[in-house]
Every structure is written in C-alpha cells, then in structure tokens.
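One structure is given below, encoded as structure tokens.
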Amino acid sequence: MANEGANAVAFARKVLHQCSGFAAVTFLAVIDKASTDNTLQMMKQYSRNNPDVVVVWAPENRSAVDAYIRGYREAIKLSVDWILEIDAGFSHQPEDIPQFFAHMDEGYDCVFGSRFMKGGRITHGNTKRYLVSRLGTMLSNLLLGTRLADMTSGFELFSRMALEHVLDRGIRSRAHFFQTEIKVHCRNLKIREVPIHYKSPSPRMKSSAVTDALLQVMRLFALRLTAQL
C-alpha cells in the first residue's frame, strides 16, 4: 500500500469480504516511505479493532520490490497455506479473488492473474505500459520457456511451498520485471492463469525499468542455456 488515502480501509474490507469462508484469513498491509499521506495511520487505526489486519511498516525499503519481498516473508512467517498478492487502490479488483481460490483448491501451486487472456481486460491503461507488458510477455515466453498469456501481472496466489521456492531461487530485478522473474521460477510447478480486470491509470514507466527488464531477460536466458535455470 502507498498513498491510498481514503481507499485504504475500503480496499482492506473488500478483500477480507472476498476471502470470507476460510478458517483463518489475514490482510497483510505493507507500507513504506513511498507512502507520504495518512495511509499508515488509517490502517493502524483500522487494525486496532480488526485482528485479521496486520500492518507492516517497512521504512528500510529502497524500492517497490523490497516492499513485495518483505510482504512475502512476513506472510510465510504466519505459516499460512496460501498467499495472495494484490495491489491496493483498486487497480486489482477484489471481486476477481474467488476464482483464484477455486483453482488453487483444485491442487495448483500458483494461480496467476492475466490481463491478456480471454476474459481479461485493462481499463484506463497507459499505452506504453501496455505495449511493454505485451512485448515483455512475448520475449519471456520465447527465451525463458514459459507459456503464459501475461508475464508481468502482479495479481497472483501462491502456495506457501511455491513462494518459498521463489525466494530460495532469488529475485534479482529491482523494477517491474521481478513479477516476470517470479513466474519464470514457477514455470515447472503446477500453474494456472485466470482473467482479471486491471483498472488503473498506470504511472509512467522509467527507461531504467525497461533496461533492467532486458538485462534480466538475458541473464535468465544465459542461465537457461547452461541448464542453471
């Protein structure tokens, strides 16, 4: 979560509502210095009366990737069976959550949200971000042995074992490509894609993020050629 304002608590409530029916559910909100509004205070206040909400303050984070990794590690500490990653602020729709659970209950290790498969869509997207995501998906599938319709989405559900496997392999990217890196590490697990609705005026993508993606693709391709991936 970062700079979610009044949407912070509303988003947490909707996610928890979609997760109702399970034996134990925790909403883990990771907030760092990138958030300069009152999101942290609002979530802390909300958590005082809601034991299902855990707020993680991570001022040491240097990038968004650090926030995700901190969230992964905190979730694993909870010894939960499944770990759902979802961006706050309603760029990802809580209403899409049940299909993730339905397929995970069928025995999958990971369920990935896809904006580009049949039924998936993007509203108010940034054209450059869209093209980079589509081209990145094509290039990754070509070079890295993956077969997904969307290699860059950040809406996904993991078994604890699968996420531990990803962290053991390591996440080297410090930009948007880390989502692709995760999917590459999971490519030999039992995985499934589900259509999602992504709704957000995506921020401008920095050229450094594109450079990072290209470098990481070639690094992973080299590892694959030498059977180290």
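The values are calculated or read from the model by the stated rules, or taken from the named source; none is laboratory data. Because the structure is predicted, anything quoted here is derived from the model rather than measured. Every residue, glycine as well, gets a Cβ built from its backbone with ideal geometry; the counts of neighbours run over all protein chains shown.
Taking Ser133 as the residue in question, decide whether it is closer than 30 Å to Ser20 by Cα and among the polar types (S, T, N, Q). Quick ask: steps written out before the conclusion?
On the way: closer than 30 Å to Ser20 by Cα: no; among the polar types (S, T, N, Q): yes.
Here the answer is no, as Ser133 does not meet what is asked.
Taking the criterion of being assigned to a helix (DSSP H, G or I), in contact (Cβ under 8 Å) with a residue 40 or more places away in the chain, more than 19 Å from the chain's Cα centre (by Cα) and not assigned by TED's automatic domain parsing to the domain that holds Asp96, would at least one residue in the range 22-37 satisfy it?
No: the range 22-37 contains no residue that is assigned to a helix (DSSP H, G or I), in contact (Cβ under 8 Å) with a residue 40 or more places away in the chain, more than 19 Å from the chain's Cα centre (by Cα) and not assigned by TED's automatic domain parsing to the domain that holds Asp96.
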Is it true that Ser133 is closer than 25 Å to Glu4 by Cα, surrounded by 16 or more Cβ atoms within 10 Å (Cβ to Cβ) and small (Gly, Ala, Ser)?
yes
### Query
In this structure, is Phe112 at negative phi, aromatic (Phe, Trp, Tyr), part of a helix (DSSP H, G or I) and buried (at least 16 other Cβ atoms within 10 Å of the Cβ)?
no
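From the list Val65, Val55, which one is crowded, with 19+ Cβ neighbours inside 10 Å, in a strand (DSSP E or B) and not assigned by TED's automatic domain parsing to the domain that holds Arg169?
Details: Val65 fails: in a strand (DSSP E or B).
Result of the check over Val65, Val55: Val55.
If I ask for residues that are more than 22 Å from Ser91 (Cβ to Cβ) and either at pLDDT 95 or above or buried (at least 20 other Cβ atoms within 10 Å of the Cβ) (or both), which ones from the range 187-210 would you list? I'd like the intermediate steps shown before the answer.
Kept after step one, since they are more than 22 Å from Ser91 (Cβ to Cβ), are these residues of the range 187-210: 187-191, 207.
If the condition is that a residue be more than 22 Å from Ser91 (Cβ to Cβ) and either at pLDDT 95 or above or buried (at least 20 other Cβ atoms within 10 Å of the Cβ) (or both), then Arg187, Asn188, Leu189, Lys190, Ile191 are the ones that fit.
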Exception for Met161 within (1) under 23 Å from Gln99 (Cα atoms); (2) crowded, with 21+ Cβ neighbours inside 10 Å falls at (2)
All-but-one check, Cys110 against (1) out of contact with any helix residue (DSSP H, G or I) (no Cβ under 6 Å at 6 or more places or on another chain); (2) closer than 25 Å to Arg174 by Cα, failing number (1)
Query raised in the report: Do the conditions hold for Met161, that is, is it in the same structural domain as Leu229 (by TED's automatic domain parsing), without any contact (Cβ under 8 Å) to a residue 60 or more places away in the chain and within 24 Å of Lys199 (Cβ to Cβ)?
Result: no
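Tell me the residue from Leu229, Leu148, Leu189 that is part of a loop (DSSP other than H, G, I, E, B) and in contact with a Cys (Cβ under 7 Å, 6 or more places away or on another chain), please.
After applying the criteria, what remains is Leu189.
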